[in-house]
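Notes follow once the structure below has been shown.
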Amino acid sequence: MLEVMKFAPVSIFVLLAPGIAFAQPLPGDAVAGKVLAMRSCAGCHAVAQEQNQPASDGVPAFLTLARDPAVSERHLRTHLQTPHARMPSVPLSRREIEDVISYILSMRLAN
């Protein structure tokens with residue numbers, strides 16, 4: 001009996017480890033991110049799943065970004081912090097960036 005108990009913690013870890021690796025928490029508040037995106041991003045992007053297409057041609061929908069396996073938390077953060085030609089200057093705090101990232105990534109988890 002003592003021999004079995006010695007391996008029990010290892011067995012539990014082995015069974016749970018795969019889920020732990022993939023269950024990473026989102027960096028911010030996805031609900032606040034959606035509210036912010038609807039207010040600040042919806043002029044160009046389709047930000048909600050129920051929107052059929054972006055307001056501007058060639059601008060990715062948030063759901064498209066969420067479904068793209070190459071789009072990571074780091075990718076989104078870099079993109080939101082770096083000025084680029086097609087995106088207007090939308091000053092976001094660090095917290096707001098985390099919230100928008102969480103909203104986009106939550107769309108990935110929901111689909």
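The values are calculated or read from the model by the stated rules, or taken from the named source; none is laboratory data. As the structure is a prediction and not an experimental result, all values here were calculated from the model. A quick note on method: Cβ atoms are made from the backbone with ideal geometry, for glycine too, and the neighbour counts reach across all protein chains shown.
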Report summary line: Residue hits (region 32-55; surrounded by fewer than 12 Cβ atoms within 10 Å (Cβ to Cβ) and in a loop (DSSP other than H, G, I, E, B)) are GLU50, ASN52, GLN53
Requested in this report: State yes or no: is GLU98 surrounded by fewer than 17 Cβ atoms within 10 Å (Cβ to Cβ), in contact (Cβ under 8 Å) with a residue 40 or more places away in the chain and either touching a helix residue (DSSP H, G or I) at 6+ places or on another chain (Cβ under 9 Å) or over 16 Å from LEU36 (Cα atoms) (or both)?
Outcome: no
Query raised in the report: Any chance region 70-88 includes a residue that's assigned to a loop (DSSP other than H, G, I, E, B), loosely packed, with under 13 Cβ neighbours inside 10 Å, at pLDDT below 95 and in contact with a Ser or Thr (Cβ under 7 Å, 6 or more places away or on another chain)?
Result: yes
Report summary line: Across (1) out of contact with any helix residue (DSSP H, G or I) (no Cβ under 8 Å at 6 or more places or on another chain); (2) within 15 Å of LYS34 (Cβ to Cβ); (3) not hydrophobic (A, V, I, L, M, F, W, C), TYR103 clears everything bar (1)
**Report entry** Boolean, THR64 is farther than 18 Å from LEU26 by Cβ and assigned to a helix (DSSP H, G or I)
**Finding:** yes
Query raised in the report: Which pairs do you get when a residue that is among the polar types (S, T, N, Q), found in region 31-56, comes within reach of a residue that is assigned to a loop (DSSP other than H, G, I, E, B), reach meaning Cβ atoms under 6 angstrom, with the pair 6+ apart or on two chains?
Result: SER40/VAL90; GLN53/ALA46; SER56/CYS44
